[in-house]
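Notes to accompany the following structure.
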Amino acid sequence: QVQLVESGGGLVQAGGSLRLSCAASGRTFSTYAMGWFRQAPGKEREFVAAINRNGGRTNYADSVKGRFTISRDNSKNTAFLQMNSLKPEDTAVYYCAAAMSILVVTSKGGYDYWGQGTQVTVSS
């Protein structure tokens with residue numbers, strides 16, 4: 001089992017930036033593909049970004065492409081989501097997830113472990 005803990009959420013004005021972190025427990029972080037999802041009130045949890053085990057491949061939702069960057073530091077057992085040019089529609093609870101896969105995983109069903117989420121609120 002692996003435990004994931006998100007941090008870095010908060011309140012920011014439109015056009016601002018936030019950096020989310022996802023700290024993972026255990027000694028096998030580098031064996032997991034990682035992803036970020038978000039869920040706004042009244043909406044389903046949706047894919048945001050994903051990265052493969054070694055960080056060589058990434059995938060982004062069209063709504064965040066060019067604004068968000070997913071990365072990972074396997075030596076620190078941590079994944080990141082750098083969010084720039086934030087918009088009010090980015091407001092949501094953001095979740096990190098880990099998948100026992102050698103691929104970049106973009107579907108909720110492909111992930112095995114989930115963090116508790118961190119709130120991101122973007123004001124207009």
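The values are calculated or read from the model by the stated rules, or taken from the named source; none is laboratory data. Please read these numbers as outputs of a predicted model, since none were measured by experiment. Cβ atoms come from the backbone with ideal geometry, glycine included; neighbour counts cover every protein chain shown. We work out accessible area using only protein heavy atoms, side chains counted, and drop any ligands, DNA or RNA first. Shrake-Rupley method; radii C 1.70, N 1.55, O 1.52, S 1.80 Å.
Being aliphatic (A, V, I, L, M), within 14 Å of ALA97 (Cβ to Cβ) and open to solvent by less than 60 Å² (accessible area, probe 1.4 Å) is the filter here, so list the residues in region 1-18 that pass it. Of everything in region 1-18, those that are aliphatic (A, V, I, L, M), within 14 Å of ALA97 (Cβ to Cβ) and open to solvent by less than 60 Å² (accessible area, probe 1.4 Å) turn out to be VAL2, LEU4. In the set SER21, SER25, only one residue is of a type outside the set (Lys, Arg), closer than 18 Å to THR78 by Cβ, modelled with pLDDT under 95 and open to solvent by less than 60 Å² (accessible area, probe 1.4 Å); that residue is SER25. Somewhere in region 99-107, is a residue closer than 16 Å to VAL2 by Cα, open to solvent by 30 Å² or more (accessible area, probe 1.4 Å) and among the β-branched types (Val, Ile, Thr)? No: zero hits.
Identify, please: which residue in region 28-45 is touching a helix residue (DSSP H, G or I) at 6+ places or on another chain (Cβ under 9 Å), modelled with pLDDT of 95 or more and of a type outside the set (Phe, Trp, Tyr) and is, among those, nearest to ARG57 (Cα to Cα)? Reasoning before the result, please.
Kept after step one, since they are touching a helix residue (DSSP H, G or I) at 6+ places or on another chain (Cβ under 9 Å), are these residues of region 28-45: 29-30, 33, 35, 37-38, 40, 44-45.
If we keep only those that are modelled with pLDDT of 95 or more as well, we get 33, 35, 37-38, 40, 44-45.
Applying the additional criterion that residues be of a type outside the set (Phe, Trp, Tyr) yields 33, 35, 38, 40, 44-45.
On the way: ALA33: 10, GLY35: 12, ARG38: 20, ALA40: 27, GLU44: 26, ARG45: 22 Å.
Residue satisfying both the conditions and the ranking: ALA33.
Summed over region 28-54, residues that are without any contact (Cβ under 8 Å) to a residue 40 or more places away in the chain and either touching a Ser or Thr at 6+ places or on another chain (Cβ under 6 Å) or open to solvent by less than 30 Å² (accessible area, probe 1.4 Å) (or both) total 1.
Among residues that are open to solvent by less than 70 Å² (accessible area, probe 1.4 Å), charged (D, E, K, R) and farther than 16 Å from GLU6 by Cα, ARG67 is included.
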